[in-house]
Amino acid sequence: MPVAGATRRFVPATALKVRRRSLVLRIAAEDYRPRQHQVLNVYFRDGEDFLFQPWRVGAVKERGEFVEAKLAALGEPEVGCLRASQRIETCFEGMTAVLQDEDGCLVIDISEEGLGLVAGHRHPVGRVLRLAMNVRGVDYGGTVSVCSVAPAPRNRFRYGLHCEPDRGVDNLHGSLRHLWLELQTRALAAAPLPE
């Protein structure tokens, strides 16, 4: 279970009760004490799949050396934010995006599943945000979830974002692989050949 903050921290927890939309976790009190209404991403294995799901903390009870927290699901389980494909750096492309309401966020890399960017506004791990960008005259838009946050120079934050499935007029998720392949092809074409 990662705890949102300046850096992501994983805390071991034991599931005492599991239902489709509710969960009771036992956590060693010395490791972490969740707060009521806090949003946590819970990572778990379901068969061969490594998944995560955002949950909101409800009741928290002290049980000696442990804390028991009742959680309510905020979304559906998703594949964990483990990259299955190579990232392509885009720093020198001058590619920017609008993240939520912040324009001019520098896109620093793209993979088939998501992207990395630098922004000034702080967003916690697990938050789902709107993202829009224009690449060579083509508009892309969709939703992304924050997988990681790290400090960046000049009071900014470097985000690892996972692209959510497209809904309605969204086209980011469906276009990300094509964009990634195009950037990868250009990067390979520009690479010097070995002598």
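Listed by position, the strands (runs of 3 or more DSSP E) contained in segment 52-164 that have at least 2 residues being charged (D, E, K, R) and under 30 Å from Val18 (Cα atoms) are 66-73.
Listed by first and then second residue, the pairs with beta-carbon distance under 7 Å, at least 6 apart or on different chains, first residue in segment 150-168 and in contact (Cβ under 8 Å) with a residue 24 or more places away in the chain and farther than 18 Å from Val98 by Cα, second hydroxyl-bearing (Ser, Thr, Tyr) and part of a loop (DSSP other than H, G, I, E, B), are Ala150/Thr7. Evaluating Glu93 against the criteria (1) modelled with pLDDT under 90; (2) buried (at least 16 other Cβ atoms within 10 Å of the Cβ); (3) within 22 Å of the chain's Cα centre (by Cα) leaves one unmet condition, (3).
Candidates in segment 147-165 are the residues that are within 14 Å of Glu78 (Cα to Cα) and either in contact with a strand residue (DSSP E or B) (Cβ under 6 Å, 6 or more places away or on another chain) or assigned by TED's automatic domain parsing to the domain that holds Trp55 (or both); of these, the one that is modelled with the highest pLDDT is Leu161.
The values are calculated or read from the model by the stated rules, or taken from the named source; none is laboratory data. Small disclaimer: the values here were computed from a predicted structure and weren't measured. As a convention, Cβ positions derive from the backbone with ideal geometry for all residues, glycine included, and neighbour counts pool all protein chains shown.
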